[in-house]
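Okay, here's the structure, questions in a sec.
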Amino acid sequence: MRKLELKFLNAEGKIVTYSVDHPTEPADAETIQEAMDTILRENALYSTGGELMEIHSARIVERTVEEIEL
């Protein structure tokens, strides 16, 4: 499964990650940037370390699981 991870810095200076399952692909950097700017501007998300202060990064993560028969 692929996930889009949005990473922000909070008021404590710590990285806070929010994951979005099954993102639209191909990923569009401009659209992601606009969404993250809106999240910050609207204070749409919150962390235990305080408000989100700035954008850190974004990335697509893919996880592959292979079961082992025992």
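Mind pulling the angle between the C-alpha long axis of helix 29-41 and the longest principal axis of the chain? Nearest 10 degrees, somewhere in 0 to 90.
Result, in degrees: 50.
While we're on this one: Taking 0.36 nm per residue of sequence separation and subtracting the Cα-Cα distance, how much length would be gained by fully extending the chain between T48 and E66, in nm to one decimal?
Taking 0.36 nm per residue and subtracting the Cα distance, the gain is 3.1 nm.
Continuing with the same structure: For a label point 7 angstrom out from the Cα of T17 toward its Cβ, which stretches of the range 37-61 have the backbone nitrogen within less than 14 Å?
Residues passing the 14 Å test: 56-61.
Based on the alpha carbons, how large is the Rg to Rh ratio for the chain when Rh follows Kirkwood? Each step should come with its number before you reach the end.
Working: Rg = 14.4 Å, Rh = 13.3 Å.
Reported Rg/Rh (Cα atoms, Kirkwood Rh): 1.09.
Every number in this text was worked out from the coordinates using simple rules, so none of it is lab data. Source: prediction; values computed, not measured. With ideal geometry, Cβ positions are generated from the backbone for all residues, glycine too; neighbour counts draw on all protein chains shown.
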